[in-house]
Amino acid sequence: TITVDSAATGAAIGDEMYGVFFEDINYAADGGLYAELVRNRSFEFNATDNRSYSGLTGWTATGTATTVDDGNRLNDRNRTYLQLTGPAGVTNAGFNSGLAVQKGKLYDFSVWARSDSGSPLTVSLATADGSALAAPLKITVKSNTWSRYAGTLRATTTSDAGRLSVAASGAGTHRLDMVSLFPRETYKGHGLRKDLAEKVAALRPGFVRFPGGCLVNTGSHYAYDAASNFPRARSYQWKDTIGPVETRATNANFWGYNQSYGLGYYEYFQFSEDIGAAPLPVVPALVTGCGQNRATDDPALLQRHIQDTLDLIEFANGPVTSTWGKVRARMGHPKPFGLTMVGVGNEENLPDEYFANFLKFRDAIKAKYPKITVISNSGPDDMGVTFDNLWAKNKAAGTEMVDEHYYNSPNWFLQNNNRYDSYDRNGPKVFLGEYASQDAKFFNSLAEAAYMTSLERNADVVKMAAYAPLFANIDNVQWRPDLIWFDNDESWGSTSYQMQKLFMTNVGDRVVPTKVSGGRVVQPQPITGRVGLSTWRTAARYDDLKVTTPDGSVLLSDDFNDGNADGWSPLAGRGTWAVTDGAYTQTDVAAEDTMVAAATGITATDYDISLKATK
Ligand code: AHR
């Protein structure tokens, strides 16, 4: 029986309660949300980033086609270009199985080119075996100085395996860069792949956290240095990612691949606006994380990043007369984007160094923009020494909001339903910036749903939450589970996507206190696999229990159907438990893993278990 106390008023639930976290992981940007169909359009892929890369990654060549990095380059940030010594040509295979095109739809081709040859370029779209997918395009390169040329292809056949070719049939040298093919139709005309953006929009997110994640707090924090093309593996620095796309340097991404920055800060802000979500950028705190535990010892570098963050706020919100507001306006958005919050750092492992830097960022931001919420974090774990240390520091410093991250078993989510019930109501608010129940079964989604009820119940403390990661390209997965899956022409949501959608599109205004009474009605859920002690002790009622060592020896086993726990007898006399209705019940949960350890001799978290459990 659920009794609703409709007269009482619980915590208000804000519009920003549920949002999304976009990180360029699992090829989420190039070949994903960013609608560009050509892979390695700027020929910047480089073996120093990834041993399998070369300037022609993604391309095949006929005739003399080489990539060149010399003084004839397009610009200092787009250094390598393609040189065709005719007759010659190149063909791009796009992402996944190829370039995806739909019959009747328009595709905008563009290229930067210079040539000493009068011969035109032929641009064609075909399948790998040469069947035409569109009538070819002729482009005449008029001079030997770099200019942009463009044309449109109309697909005559639908295919998910297209190839784009650019060929010079005559003699002479053509130099090409930024070879691009974009679908005319993108989400709200702003360059994002429509089906993917629509899937995010359908969640009605209250905020978009971007661009990472580990992408933000790893790599070098030094700026791109055009002269030496160093460093290549940089942390995500927003100024690298704005302005005309041909002037955006590419980067080697923490997740092991090249990123073009075609999807950059302007596009993130625009996308957030397009889906009615508050933008939440995360800037590097100059302390690395995600396995790279270094803090900068360069005060000038730290100062430069603090200034970059102030500039970012001006880029988002400043008037068109301001330095960075003018840049935004020139990119097409004179109106401010209405930025209200900034995250500083992500999962740093060095709490003292991180927090010292956080305070410097916060002080500088608050001095200039007192209304901006500056979000701190609690390190890489959901608990532990770093977590406690950072929470204590955040409380003492009066931090407004703390970003927590955790990826745990479904049972962890069930067991920790009361996590926030005891959080200090007068301390910092919680931003649950990343969470997911590991694995991708329906049970995981149910565990997340149960947990989300606890987030809402604690909406006075937990102000925002986002499942993570958001996207995964089915052929390029670094992290799972993920919310939205895709290849080059299809996309689908996981069960957790459906669960998030259910909650995110039905956010209440206010928590209404309820009381639950009555019997247990939940059916036991099967749990199998190699799991730790903490996994099974999370459930209060067990059935069909079997604990085995990895080599198959059975340690404990009982179906409890005979009304006793003979197979469980090593535990007799220990803890508080009973067998009723053919199931084993424990009431002394905290002591349970100590009991099992004593009974089985296993103290490690490494054994196989199969059981049915219900709480
Ligand atoms: O969401 C995937 C990764 O998980 C993020 O990059 C990082 O913040 C976390 O460890």
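Some notes on this structure:
Every residue, every condition in (1) more than 22 Å from the chain's Cα centre (by Cα); (2) surrounded by fewer than 20 Cβ atoms within 10 Å (Cβ to Cβ); (3) in a loop (DSSP other than H, G, I, E, B), yes or no:
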{"site": "S272", "(1), (2), (3)": "no, no, no"}
{"site": "P279", "(1), (2), (3)": "no, no, no"}
{"site": "V282", "(1), (2), (3)": "no, no, no"}
{"site": "L302", "(1), (2), (3)": "yes, no, no"}
{"site": "D311", "(1), (2), (3)": "yes, yes, no"}
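- Residue in the range 379-388 that is assigned to a helix (DSSP H, G or I), crowded, with 22+ Cβ neighbours inside 10 Å and more than 16 Å from the ligand (Cβ to nearest atom) present: no
- Every pair of residues 6+ apart whose Cβ atoms lie under 8 Å, when the first sits in the range 475-495 and is among the basic types (K, R) while the second is more than 14 Å from the ligand (Cβ to nearest atom): R480/A440
- Among residues of the range 351-364, those that are touching a strand residue (DSSP E or B) at 6+ places or on another chain (Cβ under 8 Å) and either over 13 Å from T399 (Cα atoms) or among the aromatic types (F, W, Y) (or both), counted: 6
- Residue in the range 235-243 that is in contact with a strand residue (DSSP E or B) (Cβ under 9 Å, 6 or more places away or on another chain) and acidic (D, E) present: yes
- For the range 1-53, residues that are away from the ligand (no atom under 16 Å from the Cβ), touching a residue at least 60 places away in the same chain (Cβ under 8 Å) and in a loop (DSSP other than H, G, I, E, B) total 28.
- Some residue of the range 325-346 being assigned to a loop (DSSP other than H, G, I, E, B) and within 16 Å of the ligand (Cβ to nearest atom): yes
- Taking the range 253-270 as the range and being in a helix (DSSP H, G or I) and under 15 Å from the mean Cα position of the chain (by Cα) as the test, the residues that pass are Y265, Y268.
- Hey, D274 more than 16 Å from the ligand (Cβ to nearest atom), in contact (Cβ under 8 Å) with a residue 12 or more places away in the chain and touching a His at 6+ places or on another chain (Cβ under 7 Å) or not: yes
- Some residue of the range 237-252 being assigned to a loop (DSSP other than H, G, I, E, B), within 16 Å of the ligand (Cβ to nearest atom) and touching a residue at least 24 places away in the same chain (Cβ under 8 Å): no
- Strands (runs of 3 or more DSSP E) lying entirely in the range 106-200 (those with 1 or more residues that are out of contact with any helix residue (DSSP H, G or I) (no Cβ under 6 Å at 6 or more places or on another chain) and among the hydroxyl-bearing types (S, T, Y)): 106-115, 121-127, 147-154, 159-183
- Scan of the range 432-452 for residues that are among the hydrophobic types (A, V, I, L, M, F, W, C) and either more than 16 Å from the ligand (Cβ to nearest atom) or free of Cβ contacts under 8 Å to residues at least 60 places away in the same chain (or both), ordered by number: L432, A440, F442, F443, L446, A447, A449, A450, M452
- Selection count where residues are within 16 Å of the ligand (Cβ to nearest atom), assigned to a loop (DSSP other than H, G, I, E, B) and either of a type outside the set (S, T, Y) or surrounded by fewer than 18 Cβ atoms within 10 Å (Cβ to Cβ) (or both), scope the range 208-231: 4
- Of the listed requirements (1) within 16 Å of the ligand (Cβ to nearest atom); (2) under 20 Å from I372 (Cβ atoms); (3) surrounded by fewer than 24 Cβ atoms within 10 Å (Cβ to Cβ), G291 misses just one: (2).
None of the figures in this text is laboratory data; all of them are computed from the coordinates on show. This structure is a prediction, so every number in the text was calculated from the model and none was measured. Positions of Cβ are backbone-derived with ideal geometry, glycine not excepted, and every protein chain shown enters the neighbour counts.
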